[in-house]
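No value in this document is a laboratory result; all are computed from the given coordinates. All figures in this text were calculated on a predicted structure; none of them were measured in a lab. Quick reminder, even Gly has a Cβ in these numbers, built from the backbone with ideal geometry, and neighbours come from all protein chains shown.
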Amino acid sequence: KVAIDRMRDGVLVGIAPEGTRSTSGGLLAGLPGAAFLAVHAGVPVLPVALLHTATAFGELKRLRRPHMVMKVGPAFTVPPLTAGNRSAQLERITEDMMLRLAAMLPAARRGVYANHTRLPEFIDWAKANGLAEAEENR
């Protein structure tokens, strides 16, 4: 409730849709919490992907400035929930969010979305928005 109220007030709220950090560096399956918040707050979603994070914390511990890249995609709106299976609708919205993130990442970091049947349409979206030019080995 607090997060929804803050979002409605215009406060940016950062959420990892997976609910945790990946130990492998690849995307984990998204959970419906971020979609739920976006739908109920009625706010657009701003997809953000971070690159070169694997060594960042080690660099910070050694008091070195890490080199990370933040890719920010265009904001998009999520549809309101309709009558029917709301869980399935939230799953679809979550899948769309995660596929946008996967398309913004190099192939090696796409995790569970690497072979998703809908990924090509989101890679086209990323290319059209200048977000798919990352080196494939990072």
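Overview of values
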{"item": "P(r) of the stretch 55-131 over all Cα-Cα pairs, binned every 5 Å from zero, in whole percent", "result": "3, 13, 19, 17, 15, 13, 10, 6, 3, 1, 0"}
{"item": "Ranked 91, 121, criterion: other C-beta atoms within 10 Å, fewest first", "result": "121, 91"}
{"item": "Percent of Cα-Cα distances greater than 20 Å, calculated over the stretch 5-66", "result": "43 percent"}
{"item": "Computed [θ] at 222 nm, deg cm²/dmol, the chain (DSSP H ≥ 4; -39,500 (n - 2.57); rounded to nearest 500)", "result": "-11000 deg cm²/dmol"}
{"item": "Calculated Cα Rg over 2.2 N^0.38 Å (choose from [x] 0.99; [y] 1.47; [z] 1.10), label", "result": "[z]"}
{"item": "Principal axis box of the stretch 30-79, alpha-carbon based, largest edge first, Å", "result": "44, 21, 15"}
{"item": "Under 25 Å from residue 61, Cα to Cα: lysines that are on another chain or at least 8 residues apart", "result": "71"}
{"item": "Relative contact order (%) - criterion: Cα under 8 Å, at least six apart; region: the stretch 37-138", "result": "26 percent"}
{"item": "Fully extended contour minus Cα-Cα distance, from residue 9 to residue 107, at 0.36 nm per residue", "result": "31.6 nm"}
{"item": "Ranked list, fewest to most other Cβ atoms within 10 Å of each Cβ, for 57, 36", "result": "57, 36"}
{"item": "Calculated FRET efficiency for the pair residue 115/residue 81, C-beta based, R₀ 25 Å, to 0.05", "result": "0.30"}
{"item": "Lys, Arg +1 and Asp, Glu -1 on Cβ, resulting dipole of the chain about Cα centre, debye, nearest 20", "result": "460 debye"}
